[in-house]
1. Taking the residues in the stretch 486-544 that are closer than 30 Å to residue 189 by Cα and within 25 Å of the chain's Cα centre (by Cα) as candidates, determine which candidate is most open to solvent (accessible area, probe 1.4 Å).
2. Can you tell me which residue among 445, 433 is open to solvent by 10 Å² or more (accessible area, probe 1.4 Å), in contact with a helix residue (DSSP H, G or I) (Cβ under 7 Å, 6 or more places away or on another chain) and modelled with pLDDT under 95?
3. Show the residue pairs that are 6+ apart or on different chains and have beta-carbon atoms under 6 Å apart, the first residue being within the stretch 380-401 and more than 16 Å from residue 416 (Cα to Cα), the second being charged (D, E, K, R) and open to solvent by less than 20 Å² (accessible area, probe 1.4 Å).
4. Before we move on, is residue 483 touching a residue at least 40 places away in the same chain (Cβ under 8 Å), open to solvent by 30 Å² or more (accessible area, probe 1.4 Å) and within 30 Å of residue 237 (Cα to Cα)?
5. Could you run through the stretch 382-414 and say how many residues are surrounded by 13 or more Cβ atoms within 10 Å (Cβ to Cβ) and either in a loop (DSSP other than H, G, I, E, B) or small (Gly, Ala, Ser) (or both)?
6. Restricting attention to the stretch 473-492, does a residue exist that is closer than 25 Å to residue 348 by Cα and not in a loop (DSSP other than H, G, I, E, B)?
7. Within the stretch 536-569, work out how many residues are modelled with pLDDT under 85 and within 29 Å of residue 94 (Cβ to Cβ).
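The values are calculated or read from the model by the stated rules, or taken from the named source; none is laboratory data. Bear in mind the structure is a predicted one, so any value in this text is a computation, not a measurement. Methodologically, a virtual Cβ is constructed for each residue, glycine included, from the backbone with ideal geometry; neighbour enumeration extends over all protein chains shown. These accessible areas exclude ligands, DNA and RNA; they are computed on the full protein's heavy atoms, side chains included. Shrake-Rupley method; radii C 1.70, N 1.55, O 1.52, S 1.80 Å.
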Amino acid sequence: GVYVNVLFSFRMREEGKDSIPEHPYLYETDVEISLVGGSCKSPVEKFWNGSSAVYILQKATHHEESDSMEESRADDAVYASEVLPKESPGALALSVGRAKQLISLYTMVQNPNVPSLGMSDLLVLPPLWARCDASDPQHTCWIGAEPLRAASKVTGLNIYTVSCDGPTADKTRFPNLEELKMEHKIRHHSSLVTTKGFARYELIAAAAIEDTIAESGSNIYVDITWNGVERILETPPVISAATLNIALESGDPRSPVFQLYQELQFLLALAEGVKTDLTEWPEPSESESALKLVQEFLTDLKKKLDGDYIFEDKSETEKIKCDTAAVDSCIKSIFGERGDLDFTEQLWCKMKSKCVSSHQELIDCFTLVIKSLERGEIQPWIHQGSSTFLSQLIQQSYHGKMEDVSLSDITPIQMLLEVGLEKMKKDYVSFFIEQKSLLLQDYFISTSVDLQEQVHRVQKLHHMLEIMVSCTGLLQFRHENLFSLTQICMKYYKENPLNEKHVFQLPIRPALVKKFYQNDNPEVWKVEISSGHGQKEVKTTWQVSTNAPVEHGTSNNSGLLSDSTVNGSTEERLYFITMTQCSQVQFT
């Protein structure tokens, strides 16, 4: 009866299901089975590198009797997508004994030599992982089972046990590498083993720099792998492979392009205003109003046209140029100031966020401009190919024939949005052309899509710029590295929406980041000992990490330094120790 029950539990997940089920399935009142895959983050990805969907088994979380069915199902849907419910993760772990019992049932269900279960027509099931409460002497926190297959037939299983310890700063608790290798050889009756090392070093972790931005998701870290490990916690050797991982959230006030970010925020507010007919205007500035700045600007242009203009206020010109590039001196070499602002772009600089403080002021500014054009008082220069409505009016004014413009509803907001969008595209393009990234032209600055999509693509350009600037400042990247990184970002953003949590990966030479890891403690250090080939391959992995490797562990002292000092001087990091062992069950 129990086998039929568990078989039904698994098979009901398979039949008629092309996608991941939304809700967990309750088995025998105390176990919840979820199928996790697709875009959902797997809770076992740190110890298992398989790519398929997996069953996650954990203790059932019971809803209150008073809950309506709809509420319960809604909770389940959230839970299934996140794998972790709002309850403490520690409350989800099964006892090690119960987990082993479930793994045994799964093994029997998969075994083609147990005919009483009607296995002949059963598909190969996804791997199964059960959360454990570490109540045994080995502190087992996960047990997993992965089918081995030949064609469509299951030939055996890999059984994994993951044990966790720590956190500790006591390195005498770390084993000797030779002991680990010998233990693996004895367990798997093998005479030959190979070792592979992995280390992760954080180059910037925003949370560590400043408490005020602890919520930031920004991080730049390097992963290094090498063959032939000689000792535990060794520094990666010269011959190794390194990958730079970059996850960056825009808008850090310390960024050299923060002014440009603020300009982009104003552009986004205008885009929202066009979409919803509601615009949140900034508080009126204590300095000059936009209307006054526009009036002075038009007066200067009129004087130029009349030939009365003698002295150009250099400081104002410099201010506009500086505003436009929005970069500080440390990266001017890669993001130069743009000195070719046309009339509409200079107008944007006068009217952008710190200045225009109401819809009426925006109407007043455009009324002034349009009247000056109609009277022929100004004949401003605009970029060739400029396609904004304001540029069209200016071109009409050259011939003394301008169409009537009604500055009602969202028209003035749309006019300013178009101008800002065109100007900011040129700002970003000036940087990327400097990097010889001409792939840009077609997709990111296309005008054949609607305004909202154009704004979305400019957001992507800004995110890419923030990444380039961070890598230039932090790693002194040269052209070839920046070019490669730009191509990776562009390829991603041509196919995906804006995602500031995405981790961009760039293979690099380890020498580029050597100074960061030579004298630094790794965030993660791991050795993988393996023997056998193909499906007969078995691995033992020993790892230390500054963050807890499992969510349902009992400790939450992740990433902290030890209170004790070593030799009374240097502080030591606390490390969690994780060991993953594998054994095989053969059915044939």
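1. First, the residues of the stretch 486-544 that are closer than 30 Å to residue 189 by Cα: 524-544.
Next, from what is left, pick out any that are within 25 Å of the chain's Cα centre (by Cα): 524-526, 543-544.
Values: 524: 26, 525: 0, 526: 49, 543: 19, 544: 0 Å².
Among them, the one singled out is 526.
2. Unique residue meeting the criteria: 445.
3. Close Cβ pairs satisfying both conditions: 381/342; 383/342.
4. Working: touching a residue at least 40 places away in the same chain (Cβ under 8 Å): yes; open to solvent by 30 Å² or more (accessible area, probe 1.4 Å): yes; within 30 Å of residue 237 (Cα to Cα): yes.
Yes; evaluated as a whole, the condition is true for this residue.
5. Adding up the residues that qualify gives 10.
6. As a first pass, look at the stretch 473-492 and keep what is closer than 25 Å to residue 348 by Cα: none.
For the stretch 473-492, residues closer than 25 Å to residue 348 by Cα and not in a loop (DSSP other than H, G, I, E, B): absent.
7. Start the filter on the stretch 536-569 by keeping residues that are modelled with pLDDT under 85, which leaves 549-569.
After this cut, where a residue has to be within 29 Å of residue 94 (Cβ to Cβ) as well, the list is 549-560.
Of the residues in that region, 12 qualify.
For every residue, the table says whether it meets (1) touching a Lys or Arg at 6+ places or on another chain (Cβ under 8 Å); (2) at pLDDT 50 or above.
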site	(1), (2)
13	no, no
18	no, yes
36	no, yes
47	no, yes
57	yes, yes
112	yes, yes
